């Protein structure tokens, strides 16, 4: 995999300030989603922030009244401290209220953030399900998916920062009003103390995003190296082949490249941040000296000095926090842009899906001059295939690796569309049927079926998840696939957790997993069954038994079988032989043996291996 370098990051992945600010247009939509997630929590959080925003200036004002009252009482011989203690009590109550509001904000933000994180994760999962397999297998598109997915938890921080900005604006407005009332000139010093730091932060935030975006693929590789380097699935081969040093070196080299780029950016950001912070501190003390002189010359009272210095100090911190949060918001908004761009991907059918799927096929499938190349590839996998599959027929696809057998089933299942030509059911192009309904027409077990680390019951019910509670149907499917033999040996039977990822899980052998996976196909009373090398981990006798049972149990159903074992293939009604993406021959086992072509040669070679 090519590695990015500092120059390429600047040129290729640079994100301008304009792009950073333009991403803010997604914030209103973001809050609409939060509002829909939980309206009550959102309103409660907003109310608490409103109260919390005005409390600082009120507390400072009460502090001013306390100081002025102390000075007044010190000048009176017979003092009445009732008013002073009233002010102190009010200040105490306000501080307690401020702490309560702060905790309430943290609580509501946490709950609201978690709720939205769940909703956005569900949205990504559902959207991924709607997207064509061809897109999901594209590395660039997968990077976009990864950026959308990785920011699910990060959007919680974005929500808190955005709501905090509104609170800060209200608080800043009240403090500015106080400064203007007494000393409007302090506003100029305030602006001078903040603007340089703000520009510094906003520039570095978009640089940080550029770096993260440019390294999406590499970070996925790092995650992959972490996975294969430390898990029970790959442990045997890692130890056997002595791959630890290879994986560690590759991980360290890639990590170090990212570390160096990030270090350079972080050091520069910290150094400039320090310089601008010193300028801000000088501005604050300039204002402080100005206020002291005004007190000395009797222009303002000591209480007003306390109020102004406190207001200026708090306002400086509020503005710094405001601009700091703003830069984080602009950076997060860029990731938010990735998220919304992903969920906005148009899923419009390329064909008019205006036909109803027949309850029962009458004629079967027909392939008419089907060609296919994978996206962005000039290599043609299928080259003008034309053949028919009759209703209820058991047909086997045979050919050497790369001949196009599995690709052919992917086209039938509409994971991909032919580059040219068409596939018909009862004379109707399969693209005319609604895709979701069409795919329910099939029961499929792939050669690379997924090993779900769920319970046995859930693993089998995946074939028809709506029947999860139908124990009778699950047990029947297990019996048909011979998975019941595996389950009888498990301590908790159908409730046994499979895999080693979770507590008290039990790992199965390859052959045992295949029997469980095969049960999924029997769960679905599908019109068409596709078995793509589903028994490759079984021995020859077990596979033969499985297929004899399969053929006997699927009478009247159309079935497609892909297998390298000819003892299995010969049980099919017809055998289609593929070579380099073309139909080389098609017929019964006896007819193909009589042809003495590729099928007969492969059959003889395999037969010799058993002698």
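Each value in this text was obtained by applying a stated rule to the coordinates, not by laboratory testing. It should be emphasised that the depicted structure is a prediction, and the values quoted were computed from it without experimental measurement. Don't worry about glycine lacking a Cβ; one is built from the backbone with ideal geometry, like all the others, and counts go over all protein chains shown.
Summary table
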| item | result |
| --- | --- |
| Gain upon complete extension [residue 548, residue 36; 0.36 nm per residue less C-alpha separation] | 178.9 nm |
| Pairwise label distance in nanometres, residue 299 with residue 102, each label 7 Å out on the Cα-Cβ vector | 3.3 |
| Globularity ratio of the range 50-104, using Cα Rg and 2.2 N^0.38 Å | 1.33 |
| Efficiency of FRET from Cβ geometry, residue 507 and residue 25, R₀ 35 Å, rounded to 0.05 | 0.10 |
| Gyration tensor verdict on the range 328-400 (Cα atoms; rounded if a/c is under 1.5, prolate if a/b is larger than b/c, oblate otherwise) | prolate |
| Net length gained if the chain between residue 173 and residue 246 were fully extended (0.36 nm per residue, minus Cα distance) | 20.4 nm |
| Residue 43-residue 121 FRET efficiency (beta carbon distance; Förster radius 41 Å; 0.05 resolution) | 0.95 |
| Most to least packed among 98-105, 271-278, 398-405 [average Cβ atoms within 10 Å] | 398-405, 98-105, 271-278 |
| Extended-chain gain in nm, criterion 0.36 nm per residue less alpha-carbon gap, residue 390 and residue 51 | 114.7 nm |
| Three-way shape label, the range 451-525, alpha-carbon gyration tensor, a/c 1.5 | prolate |
| Rounded FRET efficiency, nearest 0.05, which uses the C-beta distance separating residue 591 from residue 491 and R0 of 56 Å | 0.65 |
| Peptides 438-448, 162-172 ordered by average Cβ neighbours within 10 Å, highest first | 162-172, 438-448 |
